[in-house]
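FYI, it's all coordinate maths here, none of it is from the lab. All figures in this text were calculated on a predicted structure; none of them were measured in a lab. Ideal geometry is used to build each Cβ from the backbone, glycine not excepted, and the neighbour counts take in all protein chains shown.
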Amino acid sequence: MSLRVRLVASDPIRRRGLSAVLAEAGHTVVVAAPDAVLFDAGPGEVPPAEAEAPVVVLADRMPREPPAGILPRDVSAARLDLALRAVAGGLLVRAPWPRESAGFAAAPEESPLTPRETEILTLVGQGMSNKAVARHLGISVHTVKFHLEALFARLGATNRAEAVAKGLLGGVIEL
């Protein structure tokens, strides 16, 4: 599936490189009526509004209000292609980010979660219910609930979706 992509990049060298990546993936760079917008965020630049199409932002830091897609500027061509296709299809795309940019105080090598909590959060992020997680891990549903409450407290989350989002943004889990 070929996409129509509006490319916004203030650096002419980056713009040429990203245009080549888009062309190699079979996408067409357009000015109007795009399926997705690719925004290469330089220092202090603000991404365009998502009125015309979902936006994928390439940035060095996680913005406060992330758009439909946010990836590091050094993303591979294959991941960029997948991200554009995903946001054009209505999905949200988030890459793992350093913990400090997502609000984690832990050192980069340390996870704020125990290995079991990380395992449970990953399964929850895959859409499993408490009962399914318990069966998968061979533990009781009460134990799953105990671990979820503990990881909610550690992440400062109030529900499963928020915990998964914080885990993904903080690089604690990958789906």
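Across the range 4-95, C-alpha contacts under 8 Å between residues 6 or more apart give a mean separation that, scaled by the residue count, equals a relative contact order of 23 percent. For the Cα atoms of the chain, what angle does the longest principal axis make with the long axis of helix 141-155, in degrees from 0 to 90, nearest 10? Roughly 50 degrees between the two axes. Of the GluC sites (Glu not before Pro) found in the range 120-175, those that fall in a DSSP loop while having at most 15 other beta-carbon atoms within 10 Å are E174. About its Cα centre, the range 102-169 has a charge dipole of approximately 300 debye under the convention of +1 per Lys or Arg Cβ and -1 per Asp or Glu Cβ, with nothing else charged.
Against the chain, whose longest principal axis is taken from its Cα atoms, helix 160-169 shows a tilt of about 50°.
All other residues whose Cβ lies under 13 angstrom from that of L7 are scored, Lys and Arg at +1 and Asp and Glu at -1, for a net of +2. I need the shape label for the range 102-169. Rule: rounded when a/c is under 1.5, else prolate if a/b > b/c, else oblate, with a, b, c from the alpha carbon gyration tensor. Note, shape of the range 102-169 comes out prolate. Between the helical axis of 12-24 and the longest alpha-carbon principal axis of the chain there is an angle of about 80 degrees. When you restrict to C-alpha pairs under 8 Å that are six or more residues apart and normalise by the size of the chain, the relative contact order lands at 16 percent. Placing +1 on the Cβ of every Lys and Arg and -1 on the Cβ of every Asp and Glu, with nothing else charged, gives the chain a dipole about its Cα centre of roughly 360 debye. For the peptides 4-16, 113-125, the ranking by mean Cβ contacts within 10 Å, running from highest to lowest, is 113-125, 4-16. For the range 4-95, the residue among V46, L18, V57 whose Cα projects farthest onto the positive side of the dipole built from Cβ charges is L18.
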